[in-house]
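The values are calculated or read from the model by the stated rules, or taken from the named source; none is laboratory data. Fair warning: this is a prediction, and the values are worked out from it, not measured in the lab. Neighbour counts run over all protein chains shown; Cβ positions are idealised from the backbone, glycine included. When the accessible area is computed, the model is the full protein with side chains, heavy atoms only, and any ligands, DNA or RNA have been set aside. Shrake-Rupley method; radii C 1.70, N 1.55, O 1.52, S 1.80 Å.
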Amino acid sequence: MQSSSFDLGVVGAGICGLAHALAAARKGKRVVVIDRDAQANGASIRNFGFITVTGQQSGACWQRAMRSRDIWLEVASAAHIPVLQRGLLTIARRHEALDVLEAFAATDMGADCRLLQAHQIAAYGDGLLTEHFAGALYSPHEIRVESREAIPQLAAYLAEHHGVTFLRETAVHSASPPKLETSRGTIHADAIVVCPGDDFRTLHPDRIAAYGLQRCLLHMLRVKPPQVDENMPAVMSDLGLIRYLGYAELPAAKALRQKLLAEQGEHIRQGVHLIVVRSADGSFVVGDSHHYAPTPPPFAPSFVDDLILDEYARVFHGPAPQVLERWTGTYASADDRLMLIDRPAEDLRIVIITSGTGASTSFAIAEEVIAELFD
Ligand SMILES: Cc1cc2nc3c(=O)[nH]c(=O)nc-3n(C[C@H](O)[C@H](O)[C@H](O)COP(=O)(O)OP(=O)(O)OC[C@H]3O[C@@H](n4cnc5c(N)ncnc54)[C@H](O)[C@@H]3O)c2cc1C
(Lines give C-alpha, C1' and ligand atoms only; values in the text may rest on other atoms or scores of the structure.)
Protein backbone atom coordinates (compact mmCIF):
# COMPACT_ATOMS: atom_id res chain seq x y z
CA MET A 1 0.00 0.00 0.00
CA GLN A 2 1.16 3.53 -0.81
CA SER A 3 2.03 5.40 2.35
CA SER A 4 3.33 8.77 1.09
CA SER A 5 1.24 11.88 1.01
CA PHE A 6 0.44 13.86 -2.14
CA ASP A 7 -0.53 17.40 -3.06
CA LEU A 8 -3.18 16.06 -5.44
CA GLY A 9 -5.04 12.78 -5.69
CA VAL A 10 -6.78 12.11 -9.02
CA VAL A 11 -9.41 9.41 -9.37
CA GLY A 12 -9.57 8.05 -12.91
CA ALA A 13 -6.78 7.53 -15.44
CA GLY A 14 -8.79 8.46 -18.54
CA ILE A 15 -7.91 11.59 -20.47
CA CYS A 16 -9.69 13.77 -17.90
CA GLY A 17 -7.68 12.38 -14.98
CA LEU A 18 -4.41 12.41 -16.94
CA ALA A 19 -5.01 16.02 -17.97
CA HIS A 20 -5.42 17.03 -14.33
CA ALA A 21 -2.27 15.12 -13.42
CA LEU A 22 -0.37 16.95 -16.16
CA ALA A 23 -1.64 20.39 -15.16
CA ALA A 24 -0.74 19.81 -11.50
CA ALA A 25 2.63 18.21 -12.28
CA ARG A 26 3.51 21.21 -14.44
CA LYS A 27 3.07 23.29 -11.30
CA GLY A 28 5.50 21.04 -9.44
CA LYS A 29 2.80 19.24 -7.42
CA ARG A 30 3.18 15.66 -6.17
CA VAL A 31 0.37 13.76 -7.86
CA VAL A 32 -1.13 10.30 -7.49
CA VAL A 33 -3.56 8.92 -10.10
CA ILE A 34 -5.72 6.02 -8.97
CA ASP A 35 -7.73 3.77 -11.28
CA ARG A 36 -9.55 0.53 -10.67
CA ASP A 37 -8.53 -0.99 -14.01
CA ALA A 38 -5.16 -2.53 -14.84
CA GLN A 39 -4.93 -0.47 -18.01
CA ALA A 40 -6.92 2.23 -19.77
CA ASN A 41 -10.30 0.76 -20.66
CA GLY A 42 -12.87 3.58 -20.70
CA ALA A 43 -14.07 6.14 -23.23
CA SER A 44 -10.59 7.61 -23.56
CA ILE A 45 -9.19 4.64 -25.48
CA ARG A 46 -12.40 3.81 -27.36
CA ASN A 47 -12.75 7.15 -29.10
CA PHE A 48 -11.44 8.39 -32.45
CA GLY A 49 -8.44 10.13 -30.90
CA PHE A 50 -9.80 13.05 -32.84
CA ILE A 51 -9.04 16.41 -31.27
CA THR A 52 -11.86 18.41 -32.81
CA VAL A 53 -11.96 22.19 -32.83
CA THR A 54 -14.15 23.17 -35.78
CA GLY A 55 -17.72 22.20 -34.98
CA GLN A 56 -17.40 22.58 -31.21
CA GLN A 57 -19.96 24.90 -29.65
CA SER A 58 -18.93 28.53 -29.96
CA GLY A 59 -17.57 30.20 -26.84
CA ALA A 60 -15.99 28.24 -23.99
CA CYS A 61 -16.03 24.83 -25.69
CA TRP A 62 -14.39 26.03 -28.89
CA GLN A 63 -11.77 27.98 -26.91
CA ARG A 64 -11.04 24.99 -24.69
CA ALA A 65 -10.68 22.81 -27.78
CA MET A 66 -8.16 25.26 -29.28
CA ARG A 67 -6.16 25.37 -26.04
CA SER A 68 -6.35 21.58 -25.61
CA ARG A 69 -5.18 21.03 -29.17
CA ASP A 70 -2.09 23.13 -28.40
CA ILE A 71 -1.38 21.13 -25.24
CA TRP A 72 -1.87 17.88 -27.17
CA LEU A 73 0.81 19.06 -29.61
CA GLU A 74 3.18 19.85 -26.73
CA VAL A 75 2.71 16.52 -24.95
CA ALA A 76 2.63 14.52 -28.17
CA SER A 77 6.05 15.87 -28.99
CA ALA A 78 7.43 15.35 -25.47
CA ALA A 79 5.90 11.87 -25.04
CA HIS A 80 6.66 10.71 -28.61
CA ILE A 81 2.97 10.23 -29.39
CA PRO A 82 2.59 10.23 -33.19
CA VAL A 83 0.18 12.80 -34.64
CA LEU A 84 -1.31 10.71 -37.43
CA GLN A 85 -3.51 13.25 -39.18
CA ARG A 86 -4.06 16.97 -39.29
CA GLY A 87 -7.10 18.93 -40.38
CA LEU A 88 -10.75 18.12 -40.98
CA LEU A 89 -12.65 17.98 -44.26
CA THR A 90 -16.38 18.41 -43.67
CA ILE A 91 -18.19 17.38 -46.78
CA ALA A 92 -21.53 18.85 -47.85
CA ARG A 93 -23.41 16.23 -49.85
CA ARG A 94 -26.41 18.54 -50.08
CA HIS A 95 -26.84 22.21 -50.84
CA GLU A 96 -28.51 22.67 -47.45
CA ALA A 97 -25.32 21.34 -45.85
CA LEU A 98 -23.22 23.73 -47.91
CA ASP A 99 -25.41 26.57 -46.64
CA VAL A 100 -24.48 25.57 -43.08
CA LEU A 101 -20.78 25.43 -43.93
CA GLU A 102 -20.97 28.84 -45.61
CA ALA A 103 -22.70 30.30 -42.56
CA PHE A 104 -20.05 28.74 -40.33
CA ALA A 105 -17.22 30.07 -42.48
CA ALA A 106 -18.61 33.58 -41.94
CA THR A 107 -18.32 33.27 -38.13
CA ASP A 108 -15.18 34.03 -36.10
CA MET A 109 -14.64 30.27 -35.69
CA GLY A 110 -14.44 29.90 -39.45
CA ALA A 111 -11.71 32.49 -39.86
CA ASP A 112 -8.89 30.04 -40.65
CA CYS A 113 -11.10 27.51 -42.44
CA ARG A 114 -11.48 27.26 -46.20
CA LEU A 115 -14.66 26.70 -48.19
CA LEU A 116 -14.09 24.37 -51.13
CA GLN A 117 -16.04 23.98 -54.33
CA ALA A 118 -16.74 20.42 -55.43
CA HIS A 119 -13.89 20.34 -57.96
CA GLN A 120 -11.36 21.44 -55.29
CA ILE A 121 -12.16 18.55 -52.92
CA ALA A 122 -10.29 15.85 -54.86
CA ALA A 123 -7.00 17.41 -53.76
CA TYR A 124 -7.85 16.37 -50.19
CA GLY A 125 -8.44 12.67 -50.79
CA ASP A 126 -8.23 10.22 -53.69
CA GLY A 127 -10.98 7.96 -52.41
CA LEU A 128 -13.70 10.56 -52.05
CA LEU A 129 -16.84 10.57 -54.20
CA THR A 130 -16.08 14.17 -55.09
CA GLU A 131 -18.46 14.35 -58.05
CA HIS A 132 -21.44 13.82 -55.70
CA PHE A 133 -20.63 16.66 -53.31
CA ALA A 134 -21.98 20.21 -53.23
CA GLY A 135 -18.83 21.52 -51.56
CA ALA A 136 -16.81 21.19 -48.36
CA LEU A 137 -15.08 23.08 -45.57
CA TYR A 138 -11.46 22.44 -44.71
CA SER A 139 -10.37 23.19 -41.15
CA PRO A 140 -6.63 23.22 -40.35
CA HIS A 141 -7.07 22.98 -36.56
CA GLU A 142 -7.62 19.28 -35.89
CA ILE A 143 -5.13 16.60 -35.01
CA ARG A 144 -5.54 12.88 -34.57
CA VAL A 145 -3.74 10.43 -32.28
CA GLU A 146 -4.30 6.68 -31.83
CA SER A 147 -5.99 6.76 -28.44
CA ARG A 148 -5.37 3.16 -27.49
CA GLU A 149 -1.64 3.86 -27.73
CA ALA A 150 -1.60 7.57 -26.91
CA ILE A 151 -3.33 7.26 -23.52
CA PRO A 152 -0.88 4.65 -22.16
CA GLN A 153 2.01 6.69 -23.63
CA LEU A 154 0.73 9.82 -21.93
CA ALA A 155 0.47 7.99 -18.60
CA ALA A 156 3.99 6.61 -18.99
CA TYR A 157 5.29 10.10 -19.81
CA LEU A 158 3.61 11.53 -16.70
CA ALA A 159 5.18 8.81 -14.55
CA GLU A 160 8.65 9.05 -16.06
CA HIS A 161 9.04 12.77 -16.71
CA HIS A 162 6.77 14.32 -14.09
CA GLY A 163 7.10 11.78 -11.29
CA VAL A 164 3.35 11.10 -11.19
CA THR A 165 2.51 7.99 -9.15
CA PHE A 166 -0.02 5.59 -10.67
CA LEU A 167 -1.99 3.15 -8.55
CA ARG A 168 -3.80 0.77 -10.87
CA GLU A 169 -6.19 -2.06 -10.02
CA THR A 170 -7.21 0.12 -7.10
CA ALA A 171 -10.84 1.09 -6.56
CA VAL A 172 -11.55 4.32 -4.71
CA HIS A 173 -14.44 3.93 -2.25
CA SER A 174 -14.45 7.46 -0.86
CA ALA A 175 -12.68 10.68 -1.78
CA SER A 176 -12.75 13.48 0.79
CA PRO A 177 -9.55 15.46 1.29
CA PRO A 178 -7.15 14.73 2.84
CA LYS A 179 -8.08 11.05 2.43
CA LEU A 180 -8.87 8.63 -0.33
CA GLU A 181 -10.15 5.29 0.92
CA THR A 182 -9.21 2.64 -1.59
CA SER A 183 -9.27 -1.13 -2.02
CA ARG A 184 -5.57 -0.99 -1.12
CA GLY A 185 -5.86 1.23 1.93
CA THR A 186 -5.83 4.94 2.68
CA ILE A 187 -4.04 7.49 0.48
CA HIS A 188 -3.41 11.03 1.73
CA ALA A 189 -3.78 13.98 -0.64
CA ASP A 190 -4.29 17.66 0.19
CA ALA A 191 -6.65 18.12 -2.74
CA ILE A 192 -8.63 15.65 -4.82
CA VAL A 193 -10.08 15.72 -8.33
CA VAL A 194 -12.55 12.95 -9.16
CA CYS A 195 -12.70 12.17 -12.91
CA PRO A 196 -14.94 9.09 -12.91
CA GLY A 197 -16.03 9.15 -16.55
CA ASP A 198 -19.51 7.62 -16.65
CA ASP A 199 -19.47 6.04 -13.18
CA PHE A 200 -22.05 8.20 -11.39
CA ARG A 201 -22.69 5.91 -8.43
CA THR A 202 -19.43 5.22 -6.60
CA LEU A 203 -18.06 8.59 -5.47
CA HIS A 204 -20.25 11.48 -4.33
CA PRO A 205 -23.35 9.96 -5.98
CA ASP A 206 -25.70 12.55 -4.45
CA ARG A 207 -23.70 15.43 -5.93
CA ILE A 208 -23.57 13.78 -9.35
CA ALA A 209 -27.27 12.80 -9.25
CA ALA A 210 -28.19 16.49 -9.12
CA TYR A 211 -27.01 16.85 -12.74
CA GLY A 212 -29.40 14.21 -14.14
CA LEU A 213 -26.73 12.45 -16.18
CA GLN A 214 -27.15 9.39 -18.32
CA ARG A 215 -24.81 7.40 -20.50
CA CYS A 216 -24.40 7.46 -24.25
CA LEU A 217 -23.48 4.28 -26.13
CA LEU A 218 -21.57 4.54 -29.44
CA HIS A 219 -20.78 1.99 -32.15
CA MET A 220 -17.31 2.11 -33.72
CA LEU A 221 -15.65 0.24 -36.60
CA ARG A 222 -12.18 -0.17 -38.03
CA VAL A 223 -12.22 -0.81 -41.76
CA LYS A 224 -9.68 -1.51 -44.46
CA PRO A 225 -10.10 1.02 -47.28
CA PRO A 226 -9.33 -0.11 -50.84
CA GLN A 227 -6.45 2.34 -51.01
CA VAL A 228 -4.41 4.24 -48.45
CA ASP A 229 -4.31 7.98 -48.78
CA GLU A 230 -1.51 9.37 -46.62
CA ASN A 231 -2.62 12.98 -46.94
CA MET A 232 -6.32 12.69 -46.29
CA PRO A 233 -7.53 14.73 -43.32
CA ALA A 234 -10.29 13.49 -41.02
CA VAL A 235 -13.62 13.42 -42.86
CA MET A 236 -17.15 14.23 -41.74
CA SER A 237 -20.39 14.71 -43.68
CA ASP A 238 -23.85 16.31 -43.58
CA LEU A 239 -25.12 14.26 -40.63
CA GLY A 240 -22.44 15.76 -38.38
CA LEU A 241 -23.66 19.27 -39.10
CA ILE A 242 -26.83 18.78 -37.08
CA ARG A 243 -24.98 17.11 -34.19
CA TYR A 244 -21.90 19.31 -33.66
CA LEU A 245 -23.22 22.42 -31.94
CA GLY A 246 -20.85 24.85 -33.66
CA TYR A 247 -22.85 24.13 -36.82
CA ALA A 248 -26.13 22.84 -35.41
CA GLU A 249 -26.84 26.08 -33.54
CA LEU A 250 -26.58 28.15 -36.74
CA PRO A 251 -29.99 29.16 -38.20
CA ALA A 252 -29.02 27.52 -41.52
CA ALA A 253 -28.96 24.10 -39.83
CA LYS A 254 -32.75 24.11 -39.52
CA ALA A 255 -33.36 23.45 -43.23
CA LEU A 256 -30.66 20.78 -43.26
CA ARG A 257 -32.26 19.02 -40.28
CA GLN A 258 -35.62 18.92 -42.11
CA LYS A 259 -33.98 17.55 -45.22
CA LEU A 260 -32.04 14.89 -43.30
CA LEU A 261 -35.12 13.83 -41.34
CA ALA A 262 -36.93 13.31 -44.64
CA GLU A 263 -34.06 11.55 -46.42
CA GLN A 264 -32.08 9.80 -43.67
CA GLY A 265 -34.56 9.51 -40.82
CA GLU A 266 -33.27 6.15 -39.62
CA HIS A 267 -29.71 7.45 -39.40
CA ILE A 268 -30.96 10.29 -37.22
CA ARG A 269 -33.10 8.02 -35.03
CA GLN A 270 -30.02 5.88 -34.36
CA GLY A 271 -27.87 8.95 -33.75
CA VAL A 272 -25.63 8.05 -36.68
CA HIS A 273 -23.22 10.50 -38.22
CA LEU A 274 -19.91 10.01 -39.99
CA ILE A 275 -16.38 10.54 -38.73
CA VAL A 276 -13.53 8.83 -40.59
CA VAL A 277 -9.95 9.02 -39.34
CA ARG A 278 -6.84 7.20 -40.51
CA SER A 279 -4.44 5.01 -38.51
CA ALA A 280 -0.74 4.40 -39.05
CA ASP A 281 -1.38 1.11 -40.90
CA GLY A 282 -3.74 2.84 -43.36
CA SER A 283 -6.92 1.45 -41.81
CA PHE A 284 -9.78 3.84 -41.03
CA VAL A 285 -11.63 4.23 -37.77
CA VAL A 286 -15.24 4.91 -38.72
CA GLY A 287 -18.21 5.87 -36.56
CA ASP A 288 -20.51 6.48 -34.90
CA SER A 289 -24.00 6.20 -33.36
CA HIS A 290 -25.58 7.56 -30.17
CA HIS A 291 -28.04 5.75 -27.88
CA TYR A 292 -28.86 7.15 -24.45
CA ALA A 293 -29.80 5.19 -21.31
CA PRO A 294 -28.93 5.03 -17.60
CA THR A 295 -27.42 1.58 -18.31
CA PRO A 296 -26.92 1.05 -22.05
CA PRO A 297 -27.47 -2.53 -23.25
CA PRO A 298 -24.36 -4.62 -23.91
CA PHE A 299 -25.71 -5.64 -27.32
CA ALA A 300 -24.57 -3.97 -30.53
CA PRO A 301 -27.12 -4.59 -33.31
CA SER A 302 -25.49 -4.86 -36.71
CA PHE A 303 -28.08 -2.67 -38.46
CA VAL A 304 -26.59 0.33 -36.63
CA ASP A 305 -23.16 -0.51 -38.05
CA ASP A 306 -24.80 -0.88 -41.46
CA LEU A 307 -26.18 2.66 -41.21
CA ILE A 308 -22.70 3.99 -40.41
CA LEU A 309 -21.27 2.08 -43.38
CA ASP A 310 -24.12 3.33 -45.56
CA GLU A 311 -23.10 6.93 -44.92
CA TYR A 312 -19.45 5.94 -45.47
CA ALA A 313 -20.43 4.53 -48.89
CA ARG A 314 -22.02 7.87 -49.81
CA VAL A 315 -18.72 9.63 -49.21
CA PHE A 316 -16.04 7.13 -50.30
CA HIS A 317 -15.55 5.32 -53.62
CA GLY A 318 -15.25 1.61 -54.06
CA PRO A 319 -16.75 -1.63 -52.78
CA ALA A 320 -17.85 -1.96 -49.15
CA PRO A 321 -14.68 -1.94 -47.05
CA GLN A 322 -13.64 -4.98 -45.04
CA VAL A 323 -14.55 -4.52 -41.38
CA LEU A 324 -11.51 -5.37 -39.26
CA GLU A 325 -12.81 -4.56 -35.81
CA ARG A 326 -16.00 -3.48 -34.02
CA TRP A 327 -16.41 -2.09 -30.54
CA THR A 328 -18.68 0.09 -28.47
CA GLY A 329 -17.93 2.78 -25.92
CA THR A 330 -19.91 4.88 -23.50
CA TYR A 331 -19.54 8.38 -22.17
CA ALA A 332 -21.39 10.57 -19.69
CA SER A 333 -24.14 12.69 -21.17
CA ALA A 334 -26.25 15.65 -20.00
CA ASP A 335 -29.05 17.46 -21.79
CA ASP A 336 -28.00 20.90 -20.63
CA ARG A 337 -24.21 21.01 -20.52
CA LEU A 338 -21.08 19.71 -22.27
CA MET A 339 -19.08 19.28 -19.05
CA LEU A 340 -19.40 19.89 -15.34
CA ILE A 341 -17.08 20.97 -12.56
CA ASP A 342 -18.71 20.28 -9.20
CA ARG A 343 -17.21 21.81 -6.03
CA PRO A 344 -18.31 19.83 -2.95
CA ALA A 345 -15.49 21.42 -0.87
CA GLU A 346 -12.71 23.97 -1.30
CA ASP A 347 -10.14 21.24 -2.00
CA LEU A 348 -12.37 18.78 -3.88
CA ARG A 349 -13.61 18.83 -7.47
CA ILE A 350 -15.67 16.40 -9.51
CA VAL A 351 -15.01 16.85 -13.22
CA ILE A 352 -17.14 15.03 -15.79
CA ILE A 353 -17.17 15.61 -19.53
CA THR A 354 -20.88 15.19 -20.27
CA SER A 355 -20.60 15.03 -24.07
CA GLY A 356 -18.38 13.48 -26.72
CA THR A 357 -15.76 16.18 -26.36
CA GLY A 358 -13.37 14.90 -23.68
CA ALA A 359 -10.44 14.15 -25.97
CA SER A 360 -10.80 17.64 -27.40
CA THR A 361 -11.26 19.73 -24.26
CA SER A 362 -9.90 17.94 -21.15
CA PHE A 363 -6.46 19.56 -21.16
CA ALA A 364 -7.90 23.08 -21.03
CA ILE A 365 -10.55 22.18 -18.47
CA ALA A 366 -7.87 20.63 -16.26
CA GLU A 367 -5.73 23.77 -16.44
CA GLU A 368 -8.69 25.79 -15.19
CA VAL A 369 -9.49 23.36 -12.37
CA ILE A 370 -5.88 23.06 -11.18
CA ALA A 371 -5.43 26.85 -11.25
CA GLU A 372 -8.57 27.18 -9.13
CA LEU A 373 -7.29 24.62 -6.61
CA PHE A 374 -3.67 25.71 -6.29
CA ASP A 375 -3.18 29.31 -7.41
C1 LIG B 1 -16.77 5.81 -29.07
C2 LIG B 1 -16.40 7.17 -28.58
C3 LIG B 1 -16.00 8.15 -29.47
C4 LIG B 1 -15.63 9.41 -29.01
N5 LIG B 1 -15.13 10.31 -29.89
C6 LIG B 1 -14.60 11.48 -29.43
C7 LIG B 1 -13.96 12.38 -30.29
O8 LIG B 1 -13.86 12.18 -31.49
N9 LIG B 1 -13.45 13.53 -29.78
C10 LIG B 1 -13.56 13.82 -28.45
O11 LIG B 1 -13.10 14.86 -28.03
N12 LIG B 1 -14.16 12.97 -27.61
C13 LIG B 1 -14.68 11.82 -28.04
N14 LIG B 1 -15.30 10.97 -27.20
C15 LIG B 1 -15.50 11.37 -25.80
C16 LIG B 1 -14.25 11.14 -24.96
O17 LIG B 1 -13.67 9.90 -25.26
C18 LIG B 1 -14.66 11.25 -23.48
O19 LIG B 1 -15.29 12.50 -23.25
C20 LIG B 1 -13.44 11.14 -22.58
O21 LIG B 1 -12.68 10.02 -22.92
C22 LIG B 1 -13.87 11.04 -21.13
O23 LIG B 1 -12.69 10.86 -20.39
P24 LIG B 1 -12.74 10.47 -18.86
O25 LIG B 1 -11.35 10.42 -18.39
O26 LIG B 1 -13.69 11.40 -18.16
O27 LIG B 1 -13.46 9.04 -18.81
P28 LIG B 1 -12.87 7.56 -19.00
O29 LIG B 1 -11.93 7.48 -20.11
O30 LIG B 1 -14.08 6.69 -19.06
O31 LIG B 1 -12.05 7.29 -17.69
C32 LIG B 1 -12.65 7.22 -16.41
C33 LIG B 1 -11.75 6.36 -15.54
O34 LIG B 1 -12.16 6.48 -14.18
C35 LIG B 1 -11.97 5.23 -13.56
N36 LIG B 1 -12.82 5.22 -12.35
C37 LIG B 1 -14.10 5.66 -12.24
N38 LIG B 1 -14.51 5.54 -10.97
C39 LIG B 1 -13.47 5.02 -10.26
C40 LIG B 1 -13.27 4.65 -8.88
N41 LIG B 1 -14.24 4.83 -7.97
N42 LIG B 1 -12.08 4.15 -8.48
C43 LIG B 1 -11.08 3.98 -9.41
N44 LIG B 1 -11.21 4.29 -10.71
C45 LIG B 1 -12.38 4.81 -11.14
C46 LIG B 1 -12.39 4.23 -14.63
O47 LIG B 1 -11.83 2.96 -14.39
C48 LIG B 1 -11.83 4.90 -15.89
O49 LIG B 1 -10.54 4.40 -16.20
C50 LIG B 1 -15.72 9.69 -27.62
C51 LIG B 1 -16.14 8.73 -26.73
C52 LIG B 1 -16.49 7.46 -27.20
C53 LIG B 1 -16.93 6.41 -26.21
The chain, dipole about Cα centre (Lys/Arg Cβ +1, Asp/Glu Cβ -1), debye to the nearest 20:
320
Förster-model FRET efficiency, 25 Å R0, Ala103 and Phe374, C-beta, rounded to 0.05
0.05
Just to confirm my numbers, what's the Cα centroid distance between segment 166-244 and segment 300-363 in Å?
11
To the nearest 10 degrees, how steeply does helix 60-78 sit against the main Cα axis of the chain, on a 0 to 90 scale?
70
Based on Cβ point charges of +1 for Lys and Arg and -1 for Asp and Glu, what charge dipole magnitude is obtained for segment 95-174 about its Cα centre, in debye rounded to the nearest 20?
300
Which order do the peptides 312-321, 201-210, 216-225 take when ranked by the mean count of other beta-carbon atoms within 10 Å per residue, highest first?
216-225, 312-321, 201-210
Tell me, Kirkwood radius of segment 277-318 from alpha-carbon pair distances, in Å?
12.3
If the reach is capped at under 17 angstrom between alpha carbons, list the aspartates and glutamates near Lys224, excluding any in the same chain fewer than eight residues apart.
Asp126, Glu146, Asp281, Asp288, Asp305, Asp306, Asp310, Glu311, Glu325
Mind giving me the nanometre distance, one decimal, between the label points for Glu160 and Asp112, set 7 Å out from Cα along Cα→Cβ?
3.0
Among Ser58, Tyr292, Ala255 - extreme Cα towards positive end, dipole of the chain, charges at beta-carbon
Tyr292
Segment 159-280, dipole about Cα centre (Lys/Arg Cβ +1, Asp/Glu Cβ -1), debye to the nearest 20
300
Give me the percent of the accessible area of segment 282-375 that comes from carbon and sulfur atoms, probe 1.4 Å, all protein chains in place.
53
How far is helix 95-105 tilted, in degrees, relative to the longest principal axis of the Cα atoms in the chain, given as a value from 0 to 90 rounded to the nearest 10?
50
Segment 1-124 - accessible surface per residue (Å², probe 1.4 Å):
40
If each DSSP helix of 4+ residues adds -39,500 (n - 2.57) and the sum is divided by the residues in the chain, what number results at 222 nm, nearest 500 deg cm²/dmol?
-9500 deg cm²/dmol
Label Thr186 and Asp281 with points 7 Å out from Cα along Cα→Cβ: what is the distance between them in nm?
4.9
Return the carbon/sulfur percentage of the accessible area of segment 1-118, one whole number, probe 1.4 Å, all protein chains in place.
45
Sorted largest first, extent of the chain alpha carbons per principal axis (Å)
64, 40, 39
Count the net charge of all other residues whose Cβ sits under 11 Å from the Cβ of Phe133, scoring Lys and Arg as +1 and Asp and Glu as -1.
+1
Angle, helix 358-374 long axis vs. longest principal axis of the chain, Cα atoms, 0 to 90°, nearest 10?
30
Whichever lysines have a C-alpha closer than 29 Å to that of Lys179, once near sequence neighbours (fewer than 8 apart) are set aside
Lys27, Lys29
Full-stretch length increase - Ala171, Ala78 - with 0.36 nm per residue and alpha-carbon distance subtracted
30.5 nm
